[in-house]
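Q: This is the structure I want to talk about, given as structure tokens.
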Amino acid sequence: MTENKPENKPKRLFIKTYGCQMNVYDSDRMADAMAPHGYSAASGPEDADLILLNTCHIREKASEKVFSELGRLNEIRAERQARGEELLIGVTGCVAQAEGEEIVRRSPEVDLVVGPQAYHHLPELVAKARTRHHGLGAREAASAATRDGRVATDFPGIEKFDHLPLPRREATIARGLTAFLTVQEGCDKFCSFCVVPYTRGAEVSRPVTQIIREAEALVEAGVMEITLLGQNVNAYHGVDDRGRAVGLGDLLYRLADVDGLERLRYTTSHPRDMDDALIAAHRDLDKLMPYLHLPVQSGSDAILKAMNRRHTRADYLRLIERVKKARPDIAMSGDFIVGFPGETDADFEETLSIVREVGYASAFTFKYSSRPGTPGAGMTNQVPEPVKAERLDRLLALVTTQMRDFGKACVGRTLDVLLERKGRMPGQLGGRSPYLQAVHLEAPEHLIGTIQPVEIIAAGNNSIQGKIVTDKEPKSVSVHESIALLQP
Ligand code: 5AD
Ligand code: SF4
């Protein structure tokens, strides 16, 4: 009669993901880990039996969101409990890692707090939380001691990847034609503003064969484009099955050999780790998209030094020259922080000038946010909030213009577009250019899952429009699509 036990009933899982793409990847992996335990995707928090908030700690605003969301979820839970239904609430991600005990103190109703290195333990942690619920009753569970097994943040390195299941085929098909694949986690750079080395820990790289196997599983489920992820992805230093050291450049060459994998990207990189092999990969590999996210953070040498970036403005510009020599059409993307402690008007002008000099196709701009435990937080020369706000506005205006100009410069060109989904309007499809631009065009639905040559005819603020230039055979067809075409 086991099927009547509550733990064997089908369950629904809702994961709310905050922050970077690594969290998006992790959320998918957690869903994959819970699937064999009867958890399928809920449509929203209201119909979930388990809700996970996969959190971000990078800036203060991101991490405070968690506590307001927990307050809202507790109300949902109270309603559910009044109906005699179970709802478990967990916090995962970088806030979980950084503030584990504090979360349970501020929100005692939270059932589990799981740091990024412990996701492979999620099924057993959920099972334990359910036992606690049934054994104690909600009120007693809420007042139980902090160290009752709810907080799981003490786990080493990269062992989770040995235990997490491969992406599930059905889930991958549902997720679409592009996928993330984490190859590296953590960071040893210790930029003085950044919490990552503390929340995600020391840098670790997954072995090559594990990555190739995962890429093959994704392709087998129809994925055509993979973005390799790491907090500092170009510091990747894995080993292959013969024990040889492999850097990111070498890894990209190997992944380019995976049949059916049409496009590769990677993010996010540190200028110090752009080595010759990686630059050569940009020259040699058609599958490696001509788009490079290479944060510089500031254009001022004094601020770069205070940030402990370990490169100068000139180093960064020289590096871009080298990359452009290898791949002349490469589109540059970057991250910028304004108002780092000690940043003067003149320093900020240097940031504006490096942006003008490089010309970015896309850029992410942030106001400096003091993070507890980082060297920046202890600096005495903090920049007043209104000054930061004014600088952010000016920088944003500049990068917005550049992004629009980049789109406009594509008008008249023919770009290969991976057609990913139906567009908002009937008869419209949406896809991505090699430069990661969103592209809209009129095309029949059966072309989803193909890469088509598209002439760009107009550029808007956030996307570009085009039309397919030839009716020749598609350049590439996803495995998933070709399976569909074979069916009667
Ligand atoms: N304040 C503001 N922005 C930050 N970033 C990282 N830490 C902080 C901080 N304390 C930005 C950097 C990084 C991006 C992911 O977030 O620009 O590249
Ligand atoms: Fe943070 Fe710097 Fe590491 Fe990037 S390189 S994750 S900004 S410490």
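Q: For the range 259-298, what are the residues that are part of a loop (DSSP other than H, G, I, E, B) and either within 16 Å of ligand 1 (Cβ to nearest atom) or among the aliphatic types (A, V, I, L, M) (or both)?
A: Across the range 259-298, the qualifying residues are 261, 268, 269, 270, 274, 285, 289, 294, 295, 296, 298.
Q: Go through the residues of the range 385-397 one by one and say whether even a single one is under 30 Å from residue 286 (Cβ atoms) and in contact (Cβ under 8 Å) with a residue 24 or more places away in the chain.
A: No: zero hits.
Q: Residue by residue through the range 275-298, note down the ones that are open to solvent by less than 10 Å² (accessible area, probe 1.4 Å) and within 16 Å of ligand 2 (Cβ to nearest atom).
A: 278, 292, 294, 295, 296, 298
Q: Among the helices (runs of 4 or more DSSP H) confined wholly to the range 143-210, which include 1 or more residues that are more than 15 Å from ligand 2 (Cβ to nearest atom), out of contact with any Phe, Trp or Tyr (no Cβ under 7 Å at 6 or more places or on another chain) and at pLDDT 95 or above?
A: Answer list for the range 143-210: none.
Q: Here's something else I'd like to know. If you go through the range 409-418 one residue at a time, do you hit one that is open to solvent by 40 Å² or more (accessible area, probe 1.4 Å), more than 30 Å from residue 446 (Cβ to Cβ) and either within 16 Å of ligand 1 (Cβ to nearest atom) or not aromatic (Phe, Trp, Tyr) (or both)?
A: yes
Q: Quick check on the range 360-369. Is at least one of its residues open to solvent by less than 50 Å² (accessible area, probe 1.4 Å), touching a Pro at 6+ places or on another chain (Cβ under 7 Å) and within 15 Å of ligand 2 (Cβ to nearest atom)?
A: No, the range 360-369 has no match at all.
Q: Turning to a different aspect of this structure: In the range 186-222, what residues are closer than 21 Å to residue 244 by Cβ and either within 12 Å of ligand 1 (Cβ to nearest atom) or open to solvent by less than 10 Å² (accessible area, probe 1.4 Å) (or both)?
A: Listed by number, the residues that qualify are 206, 208, 211, 214, 215.
Q: Suppose we keep only residues that are among the hydrophobic types (A, V, I, L, M, F, W, C) and outside any helix (DSSP H, G or I) within the range 109-128. Which one would you say is farthest from residue 159 (Cα to Cα)?
A: By that ranking, first place goes to 110.
Q: Quick one: residue 314 ticks every box in (1) open to solvent by less than 20 Å² (accessible area, probe 1.4 Å); (2) away from ligand 1 (no atom under 13 Å from the Cβ); (3) not charged (D, E, K, R) except a single one, so which number is it?
A: (1)
The values are calculated or read from the model by the stated rules, or taken from the named source; none is laboratory data. The structure presented is a predicted model; accordingly, all values stated were derived computationally and were not measured. All Cβ positions, even for glycine, are placed from backbone atoms using ideal geometry, and neighbour counts span all protein chains on display. When the accessible area is computed, the model is the full protein with side chains, heavy atoms only, and any ligands, DNA or RNA have been set aside. Shrake-Rupley method; radii C 1.70, N 1.55, O 1.52, S 1.80 Å.
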